[in-house]
Amino acid sequence: MLLSKTRLLLIAMLCVSINGFAQKKTINQRVDSLLRLMTLEEKVGQLNQYSGREVTGPVTDKKTNQLNDIKSGMVGSMLNVKGVKNTSEIQAVALQSRLKIPLLFSLDVIHGYKTVFPIPLAEAASWDLDAIRQSAHIAAEETAASGVHWTFAPMVDVAHDPRWGRVMEGAGEDTYLGSQIAKARVLGFQGEKLGGLDAVMACAKHFAAYGAVTAGRDYNFVEMSDHQLWEQYLPPFKAAVDVGVATFMNSFNTLNGIPATGNSYLQRDILKGKWAYQGFVVSDWGSIGEMVDWGYATNKADAALKAIKAGSDMDMESNAYRYNLGILVKSGQVDVKLIDDAVRRILYKKFELGLFDDPYRFSNEAREQKVLNDPSHKLIARDVSQKSIVLLKNQNNVLPLSNSIKNIALIGPLMKAKRDLEGSWIPQSDTTQVTNLYDGIRNKVGSSANITYVKGTEIHGKEQDDFAGAVAAAQKADVVVMALGEDWDMSGESKSRTDINLPGRQKELFKAVSATGKPVIVVLMAGRPMIFDEISDKAQSIVYAWWLGAEAGNAIANVLYGDYNPSGKLPMSFPRSVGQIPLTYAGYSTGRPVKKLSDIKYKSAYIDMVNTPRYAFGYGLSYTTFTYTDMKLSSASMSKSQKINGCFTLTNTGKYAGEEVVQLYIQDMVASVVRPLKELKDFQKVSLKPGESKTVRFVIDNEKLSFYNNDLQWVAEPGKFRLMIGSASDDIRLQDSFDLK
Ligand code: BGC
């Protein structure tokens, strides 16, 4: 029985791969025949991408007549054009060109198309890979139904610096978590197969090391050891390659003196060489031209030369390829084989999407209407929003709120906000449909409680707007809920901040309200980790709600009233002070570690602050409690070809059903390269009823013990390893050690 099942499976797998192989062969043949018909100018045209009217970067060449260029086959792709009507109109122009090669339409669908999902950093806090995959999939369905073929997501840049505004677009600081999320997002966007009507091409960006821009200032330079690059910054990109990501985007930063766009080591040696990547690389917006500003190229022609040689296939908005590549080929400076290779990669994707068989495949207005108005999408958004919320503090179990509370004061500049809860990158949202926190709570309590609302101050307010009103409302209330944080335009691209404290006079508003002595629950909304020490010290409860999108208010209200028991865990360390940045849980011991807080003389410490974050990576509370007991390892040692099986018991010891993200960390005690104090190597989200226990199993293999040595070889070195299982990176509940022989 077992044998025949296995056999059937093998036959099925063989058929799939034969089909895949056959399809690849036919596409390659079609690409080759088309390539033979193309003039040099038409080839260069395929490498050129223009933006539609809604720009997402500085406009580089206002004189371009886009429609003429499209008609003459000088454009391969358009970004920032959306909707069946618009994309079809422009596709029709492309089909008037000599070879009728269809355009690729692309857009930044970062956290939802019409239905706005939580920002990616928020979703990362769910540690729920199925939910993240589903969120990307709904975004893909809506995008594809709107005539768009390609999203510039996921951003898989690891980042340790919350001053950098783009942390909102990624999965936080951790390489392992980031790699798992990268896979989930790519699989979600691309569905079962490219060409499916519910799938769009994904784009792993920004290759590479953009998340390490110096001092958190956007578009800045990066200096980094190879060792750090390979170990911390590249794995999420490799993970995306492993699950078949269709495209890559390079980045604005330099890496050790070479702009990423002109970086042959990154694009040719690693991506297209070592990783044998078959998809194509689009430049970031204008980044080919920007090599002139960097002082790396003398002019756009030189920039085009350097970029094509380095492996950038498509030029987004620089107009550097369009006007220079043909000349460079004719003058013998660029081998036409480089152009052919880039064109081949792009045409392959157009065939794979089915655009040569039907250029209007994704252009059905009735379907667009149906998919964009599918009511199930909001419910899915609510579900992932709830999962993204992190409960940071809950003194005396003030939360969840009881339904019998009669008088509630709702205070703060974000209480009735809608646009701010969406964050940046919202291609097609109807902001009026966002449920703000006020409405979320109102819907929840109905007429059973009296609600008083006072805004109190503006987000950036400088004056003491209505502190008196806020205090008076708090005095009359049984409980106060405050909504504070950043406005939508404070985190995102080009939104770096040197000061990540709450803006304006929100802290003062909190102090005034808190001084009434009433229980205060603070809901913080932002696109990054913020600093809010006073609130951490004095608020009874703190709910970190990021920017959750369309269903924010309902999701937060569900958490406040216990209809959803929070399960989110921080995907990034929250510093106490900007002075601690860059900050990561995966730091090193140093030669002078602090062993006692009272003894920091000649130790690796600050004299004015502890080293630890305010809230650590992996941290997040629940309304229930979990105990970790009884860890067992199948062996105290293993060889490289062996594994250790481990297990422990997780018990819900509280009153509420809940989910716990159990985290497995490993430390290599002594190695040929100094290793971090702990590194996340596995996690599971486990759901338990009150009183219920489950056995959680894990496996330790050679892969989990490996790292890049000084010669950049991926090795596991014999010796002792510490194993830590915990509820957060700073809350380790079970420990053991084992040897690698
Ligand atoms: C961003 C990319 C984005 C592109 C197109 C650039 O400024 O860095 O992430 O995909 O614009 O909008």
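All of the numbers you see were taken from the coordinates with simple rules; none came from a lab. All figures in this text were calculated on a predicted structure; none of them were measured in a lab. All Cβ positions, even for glycine, are placed from backbone atoms using ideal geometry, and neighbour counts span all protein chains on display.
So here's what we get for this one:
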| item | result |
| --- | --- |
| Whole-number percent relative contact order across the chain, with pairs defined as alpha carbons under 8 Å at least 6 apart | 13 |
| Proximal lysines relative to K300, as straight alpha-carbon distance under 18 Å, when same-chain residues fewer than 8 apart are discounted | K62, K63, K309, K330 |
| Whole-number D in µm²/s for region 277-396 (Stokes-Einstein; Kirkwood sum over Cα pairs; 37 °C, 0.692 mPa s) | 180 |
| Unit Cα scatterers, Debye sum, region 183-234: log10 I(q)/I(0) for q = 0.22 Å⁻¹ | -0.79 |
| Neighbour net charge for Q395 - beta-carbon separation under 12 angstrom, K R +1, D E -1 | +1 |
| Taking region 140-296 and dividing mean pair separation by its residue count, relative contact order in percent (alpha carbons under 8 Å, at least six apart) | 24 |
| MRE, 222 nm, helices only [DSSP H, n ≥ 4, -39500 (n - 2.57), over the chain, to nearest 500] | -9000 deg cm²/dmol |
| Modelled label reach - K689, point 7 Å along Cα→Cβ, region 654-671 residues with backbone N closer than 15 Å | 654-659 |
| Distant-in-sequence amide H partners of N407 (H built 1.01 Å from N, under 5 Å) | N450, D478, V479 |
| Rg(Cα) / (2.2 N^0.38 Å) computed for region 617-741, rounded to two decimals | 1.13 |
| Gained length - Q642 relative to S404, 0.36 nm times residue gap less alpha-carbon distance | 79.9 nm |
| Set of aspartates and glutamates with alpha-carbon distance to K416 below 18 Å, sequence-local pairs under 8 removed | D430, D439, E458, D465, D466, E486, D487, D489, E551 |
| Residue-wise HN-Hα coupling along region 728-741, computed from phi with Karplus coefficients 6.51, -1.76, 1.60 (Hz; x: Gly, Pro) | 6, 5, 10, 9, 7, 9, 9, 9, 7, 9, 8, 10, 9, 8 |
| Prolate/oblate/rounded call for region 425-543, Cα gyration tensor, a/c under 1.5 rounded | oblate |
| Dipole-positive endmost among G147, A474, Y665 within the chain (Cβ charges, Cα centre) | Y665 |
| Degrees, to the nearest 10: 175-190 long Cα axis against longest axis of the chain | 60 |
| In nm, spacing of pseudo-spin labels at D630 and V55 (7 Å Cα→C-beta vector) | 6.5 |
| Nearest-0.05 FRET efficiency for L197 and N220, computed from C-beta distance (R0 25 Å) | 0.05 |
| Under 5 Å, built H, 5+ apart or other chain: amide partners of G485 | M525 |
| ³J(HN,Hα) computed for each position of region 520-530 - Karplus, 6.51 cos²θ - 1.76 cosθ + 1.60, integer Hz, glycine/proline x | 10, 9, 9, 9, 9, 10, 6, x, 7, x, 10 |
| Degrees separating the helix 376-388 axis from the principal Cα axis of the chain, which is the longest one | 60 |
| Neighbourhood charge, 14 Å Cβ-Cβ cut-off, centred on Y265 and excluding it, Lys, Arg +1 and Asp, Glu -1 | +3 |
| Net length gained if the chain between N299 and S447 were fully extended (0.36 nm per residue, minus Cα distance) | 46.6 nm |
| Reachable lysines from K741, criterion Cα separation under 21 angstrom, eight or more residues apart if same chain | K632, K640, K643, K678, K681, K704, K720 |
| Cα-based helix-to-principal-axis angle, 336-352 vs the chain, degrees rounded to 10 | 60 |
| For region 492-637: span of alpha carbons on each principal axis (Å, largest first) | 49, 43, 39 |
| Descending semi-axes in whole angstrom, ellipsoid equivalent of the chain, from the Cα gyration tensor | 43, 32, 26 |
| Amide H partners (placed H, <5 Å) of D682, local residues excluded | L664 |
| Within the chain, longest stretch clear of exposed GluC sites (Glu not before Pro) (DSSP loop, no more than 10 other Cβ within 10 Å) | 464-741 |
| Net charge over other residues, Cβ less than 12 angstrom from the Cβ of L734 (K, R count +1; D, E count -1) | 0 |
| Efficiency of FRET between T590 and A515 - r from beta-carbon atoms, R0 41 angstrom, step 0.05 | 0.50 |
| Cα centroid of region 270-316 to Cα centroid of region 377-448, whole Å | 43 |
| K71-Q713 FRET efficiency (beta carbon distance; Förster radius 60 Å; 0.05 resolution) | 0.70 |
| HN-Hα J in Hz across region 270-286 - Karplus 6.51, -1.76, 1.60, θ = phi - 60°, x for Gly and Pro | 7, 5, 8, x, 4, 8, 6, 6, 9, x, 10, 10, 9, 6, 7, 3, x |
| Paramagnetic reach from D739 in region 621-663 [backbone N under 18 Å; point 7 Å along Cα→Cβ] | 633-645 |
